[in-house]
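Below: the structure, in structure tokens.
Just so you know, all these numbers are worked out from the coordinates, no wet-lab data involved. Source: prediction; values computed, not measured. No Cβ is skipped: glycine too gets one built from the backbone with ideal geometry, and neighbour counts run over all protein chains shown.
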Amino acid sequence: MTIKHPDRFYIDGAWAAPSAATTFRVITPSTEELFVEVAEAQEADVLQAVAAARRAFDAGGWTGLSHARRAEYLRALGDTLAARSAEVAHDWVSEMGITLPAAQAVSQWSSHVYQYYAGMADTFAFEERQSLASGNIGLMVREPVGVVAAIIPWNAPPLLIAYKLAPALLAGCAVILKASPEAPSAAYAVAEAAESIGLPKGVLNVLTADRAVSELLVRHPGVDKVTFTGSSAAGKRIASLCGERIARVTLELGGKSAAIVMDDADLGSVVQAMTGNTCMMTGQVCASLTRVIVSRSRHDELVDGLAAAYAQVKVGDPFAEDTQMGPLAMSRQRDRVEHYIETGKAQGARLATGGGRPSHLNRGFYVEPTVFGNVDNASTIAREEIFGPVVSVIPVDDEQQAIAVANDSDFGLSGTVFTDDADKAYHVARQVRTGTISQNGAAAEFFDIAFGGFKQSGIGREGGREGLLPFLETKAVVLNGLPAHLAGAD
């Protein structure tokens, strides 16, 4: 364990003692042993954090800094986290069970996000001049939304923190970062980095809380915006609470994403791509491709290919170099996945491989990668987000039915079209109601453009230019003449 102050919170630029002695026990999912205990925030701690963020935003001078100056802090934050990326990755494996190579790669990626948004200080138009028929000077100004509550889930905290915190800080917001009780170490690492670079006090505040205490953040009138990643059920609750006071909100929620296999697709390539997708974080990824839609004539061949590949996946110690898939993050998550597997069998889907616990592992929250064939899109395993390594293969008669099945979902987060024909991929992609969709499974670049969902998969976008906009309010200014800073530009 590398975090220095697990018994404290980072509030107002210092490590603050908690208001109560309660703690969260973080369990390593591969060994079922205690990893760390961290302080559990109560109402008083939340109020202290909000007050600190409010002072930083309203009177602390943070918003008065230029975007270029705030970008310097972002670059320093990114450099500091990059230097610690190996430690962050190690702790992440211990908390959540992601394989070490994947954790290392994503931790490095996360540190670059701060550099990416720092670069926007020079390229993003925070103020634009508009032509007005009256002859007056019109300005469209984008100003920080205010104090932000960033609520982070347990599955990918280093990356999700970066895509919330970096644009918020560039915009000029003050942030309360609420870590997940199951995986708090990345948030602590960010707090330690903020302290080491001298980020002005109150600009970033970090605490760990359960759902009930977290609601205080969502309800608090001192919080101008909530940005949340997590389940659709929790997102609905947050949206309703924000709606009561018209607080700004960004929600990145669940998914039941479709992989549409066109008739020209090479099934071997489909199997390879799907195996990697399912193994990533043991399927605990909101954008995971969990419904595979294929023509009826190719269904059995694809199911057999997936079953053979999934049966060969090496499941085990996530720190071992040759492990392809680690455990689920916690015992309740394994219970959830096993419940869905039993439901799939009971509702008539064909279990092609997996469905149980690996026989060679006598401890840890492991489950085998699982493939169901002949799945009805109306069945439970095709409708609900399982959040585990379970894939449902759904046979269809033609392309239009494939698109209809892909769209027949409460979710719309991600998707892919397997084909070597870019025109065909584009044609199908434009008809699928989803926030992100790719050709042949490529997905990492979504964050370079905009990541987010349709329908119950969320509101708003993260990543790219679109990921900065939710942290800004648009102000229209009309003047009778040119202000000095624009006159000088002319």
Checklist entry - Magnitude of the Cβ-charge dipole of the chain, K/R +1 and D/E -1, about the Cα centre, nearest 20 debye? => result 1200
Checklist entry - For the chain, what relative contact order do you get, as a whole percent, if you take Cα pairs closer than 8 Å and at least 6 residues apart? => result 18
Checklist outcome for this item: So, over other residues within a Cβ distance under 12 Å of C286, counting Lys, Arg +1 and Asp, Glu -1, the net charge is -2
Checklist entry - Relative contact order for the range 257-446 using alpha-carbon pairs under 8 Å, separation at least 6, rounded to a whole percent? => result 28
Checklist outcome for this item: Helix-only [θ] at 222 nm, the chain, -39500 (n - 2.57) per DSSP H run of 4+, per residue, nearest 500, equals -12500 deg cm²/dmol
Checklist entry - What is the calculated FRET efficiency for L241 to S66, with r their C-beta to C-beta distance and R₀ = 25 Å, to the nearest 0.05? => result 0.15
Checklist entry - Got a sec to turn the phi values of the range 466-474 into Karplus ³J(HN,Hα) couplings, 6.51 cos²θ - 1.76 cosθ + 1.60 with θ = phi - 60°, whole Hz, x for Gly and Pro? => result 4, x, 7, 4, x, 9, 10, 9, 9
Checklist entry - Out of residues 5 or more away from V226 or on other chains, whose amide H comes under 5 Å of its own, with H placed 1.01 Å from N in the peptide plane? => result A149, R248, V249, T250
Next on the checklist: Is there a quick way to get the dipole size of the range 257-446? I mean about its Cα centre, with the Cβ of Lys and Arg at +1 and of Asp and Glu at -1; what is the value in debye to the nearest 20?
Outcome noted: 700
Checklist entry - Quick one: if the Förster radius is 22 Å, what FRET efficiency do A378 and R336 give, using the C-beta to C-beta distance and rounding to 0.05? => result 0.60
Next on the checklist: Can you tell me the orientation of helix 296-311 relative to the chain, as the angle in degrees between its alpha-carbon axis and the longest Cα principal axis, to the nearest 10?
Outcome noted: 80
Next on the checklist: Please report the net charge: other residues with Cβ closer than 9 Å to the Cβ of F24, K and R +1, D and E -1.
Outcome noted: -3
Next on the checklist: Let me make sure I get this right: for the range 257-446, a, b and c are the square roots of the gyration tensor eigenvalues over alpha carbons, sorted descending. Under 1.5 in a/c it's rounded, otherwise prolate if a/b > b/c, else oblate. Which is it?
Outcome noted: prolate
Checklist outcome for this item: Check: C-alpha center the range 396-447 vs C-alpha center the range 341-378, spacing in Å is 25
Checklist outcome for this item: The answer for Y10, listing residues at least 5 apart or on another chain whose modeled amide H is closer than 5 Å to its amide H, is A16, V206
Checklist entry - By the gyration tensor of its Cα atoms, with a ≥ b ≥ c the square roots of the eigenvalues, what is the shape of the chain: rounded for a/c under 1.5, prolate for a/b over b/c, or oblate? => result oblate
Item to check | Difference of contour (0.36 nm per residue) and Cα-Cα distance, E215 to A20 | outcome: 68.4 nm
Checklist entry - Of the listed peptides 81-93, 146-158, what is their order by residue-averaged count of other C-beta atoms within 10 Å, with the highest listed first? => result 146-158, 81-93
Checklist entry - Cα axis of helix 100-123 to longest principal axis of the chain: angle in degrees, 0 to 90, nearest 10? => result 40
Checklist entry - Which aspartates and glutamates have a Cα less than 17 Å from the Cα of K455, not counting those fewer than 8 places away in the same chain? => result E252, E384, E385, D408, D410
Checklist outcome for this item: Projecting the Cα atoms of G316, T436, N277 onto the charge dipole of the range 257-446, where Lys and Arg contribute +1 and Asp and Glu -1 at Cβ, the residue farthest towards the positive end is G316
Checklist entry - Taking the simple approach of a point 7 Å from Cα along Cα-to-Cβ for both E37 and L482, what is their distance in nm? => result 6.6
Checklist outcome for this item: For the chain, longest principal axis from Cα atoms; helix 331-346 axis from its Cα atoms; angle between them, nearest 10 degrees, is 40
Next on the checklist: Filter K164/K225; K236/K345; K178/K475 down to the pairs with a C-alpha to C-alpha distance above 18 Å, please.
Outcome noted: K236/K345; K178/K475
Checklist entry - Near V36, within a Cβ-to-Cβ distance under 9 Å, what is the net charge of the other residues, with Lys and Arg +1 and Asp and Glu -1? => result -2
